[in-house]
Amino acid sequence: MTVREPPSPRASAAASSSPVAQGAFSRSAQLDVHAYVGPYPWRQVPHADANVLIRVLEREGVHRAWVGYLPSAFHRDPNPGNTALYGTLAPHRDTLFPAPVVRPDWPGWPRELARAIEEGAAAIRAYPMHWGFPAGSSALTELGAACSERRLPLLLTVRFEDARQRHPHDVTGDLTAAHIRALARARTAARVVILGAGRGLIEEVHWSLTPEERAWVWWDISWIWGPPEDDLAHLLRAVGPDRFVYGAAWPLRLAQTPRANLALLPEDVATVSLADPWSW
């Protein structure tokens, strides 16, 4: 029996009712940069395996995804989790591209980065808040420089869940604006993609960076509100669509949400295209 994610009536209606918005979606969602496989330690998440992710992407009209292994964020040593990620994605490498974790304060991390390249990694994930890195961490800067040298984007996750939903034992705070600014100002030339940011954090960081520094930072749209707040429309106008990439945060969030938010954009931004990470 095929297992499918519960449909969202509003999302389904929005995605099918606007030809203009569908056109914008098709141009903007060739790649989902924010997807996971594997269990989550604080609650049960349904369908957190590669076979279902493949079907979810097909249903949403997304061609490929950068995929992380969810448990690795909570492990001191992420290397065994990377091994599990590579094995899980092996049958689906034409669609699901690994985005493994490299912890730059861990012994032998350059070897893990080299292994990621050998395994065909599309990007590298890091979790400075989970590892206790301060803003301006030299370890994170060194990782950024290493990723830049190898032309691998560096993915940083703001949050997995809203603070109001978190388990009492989940005490890790959200990624801060100071962490992002410090990395952008370190001039590593790394392409840094921030996953799960909301409008407040995006505006705080964007308007505090120089144009040169902003050019190295992108934001996924998985946590940006659509109607009625219309935060996504506001940010596309003020910050520019070239600073945003498509991401859904499956399986922690509904995969229909970013598609619906794109479909519900007002006319003046309905036809914009998001940045294309495959062109980097």
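Laid out as a table, the results:
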{"item": "Number of positions in the range 99-143 that are touching a Gly at 6+ places or on another chain (Cβ under 7 Å) and under 16 Å from Y69 (Cβ atoms)", "result": "3"}
{"item": "Odd one out for I124 among (1) of a type outside the set (D, E); (2) closer than 22 Å to P80 by Cα; (3) more than 20 Å from the chain's Cα centre (by Cα)", "result": "(3)"}
{"item": "Checklist (1) modelled with pLDDT under 95; (2) open to solvent by 60 Å² or more (accessible area, probe 1.4 Å); (3) part of a helix (DSSP H, G or I) applied to P41, failing item", "result": "(3)"}
{"item": "Residue check for V56: within 18 Å of the chain's Cα centre (by Cα) and within 13 Å of A248 (Cα to Cα)", "result": "yes"}
{"item": "Only listed residue being under 26 Å from A275 (Cα atoms) and modelled with pLDDT of 95 or more, chosen from T95, T88", "result": "T95"}
{"item": "Flag if A121 is in a loop (DSSP other than H, G, I, E, B), of a type outside the set (F, W, Y) and free of Cβ contacts under 8 Å to residues at least 40 places away in the same chain", "result": "yes"}
{"item": "Tally, over the range 145-166, of residues that are among the hydrophobic types (A, V, I, L, M, F, W, C), assigned to a loop (DSSP other than H, G, I, E, B) and either more than 13 Å from the chain's Cα centre (by Cα) or farther than 23 Å from R185 by Cβ (or both)", "result": "2"}
{"item": "Any chance P128 is open to solvent by 60 Å² or more (accessible area, probe 1.4 Å), part of a loop (DSSP other than H, G, I, E, B) and on the phi < 0 side of the Ramachandran plot", "result": "no"}
{"item": "Criterion violated by A65 - all others in (1) closer than 19 Å to R253 by Cβ; (2) not in a strand (DSSP E or B) satisfied", "result": "(2)"}
{"item": "Answer from A99, A84 - the residue that is touching a strand residue (DSSP E or B) at 6+ places or on another chain (Cβ under 7 Å), hydrophobic (A, V, I, L, M, F, W, C), surrounded by 21 or more Cβ atoms within 10 Å (Cβ to Cβ) and closer than 22 Å to V52 by Cβ", "result": "A99"}
{"item": "Residues of the range 242-280 satisfying the condition of being surrounded by fewer than 23 Cβ atoms within 10 Å (Cβ to Cβ), among the hydroxyl-bearing types (S, T, Y) and in contact with a Pro (Cβ under 8 Å, 6 or more places away or on another chain)", "result": "S273"}
{"item": "Any hit, the range 18-32, residues being at pLDDT 95 or above and either under 25 Å from P277 (Cβ atoms) or over 18 Å from the mean Cα position of the chain (by Cα) (or both)", "result": "yes"}
{"item": "Looking only at the range 68-81, and only at residues there that are assigned to a loop (DSSP other than H, G, I, E, B) and either of a type in the set (S, T, Y) or in contact with a strand residue (DSSP E or B) (Cβ under 9 Å, 6 or more places away or on another chain) (or both), the one that is surrounded by the fewest Cβ atoms within 10 Å (Cβ to Cβ)", "result": "H75"}
{"item": "Residue that is farthest from E204 (Cα to Cα), among those in the range 131-144 that are open to solvent by 60 Å² or more (accessible area, probe 1.4 Å) and not in a loop (DSSP other than H, G, I, E, B)", "result": "E142"}
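The values are calculated or read from the model by the stated rules, or taken from the named source; none is laboratory data. Note that this is a predicted model, so its numbers are computed, not measured. Note that each Cβ is placed from the backbone with ideal geometry, even for glycine, and that neighbours are counted across all protein chains shown. The accessibility values were calculated without ligands, DNA or RNA, using every heavy atom of the protein model including side chains. Shrake-Rupley method; radii C 1.70, N 1.55, O 1.52, S 1.80 Å.
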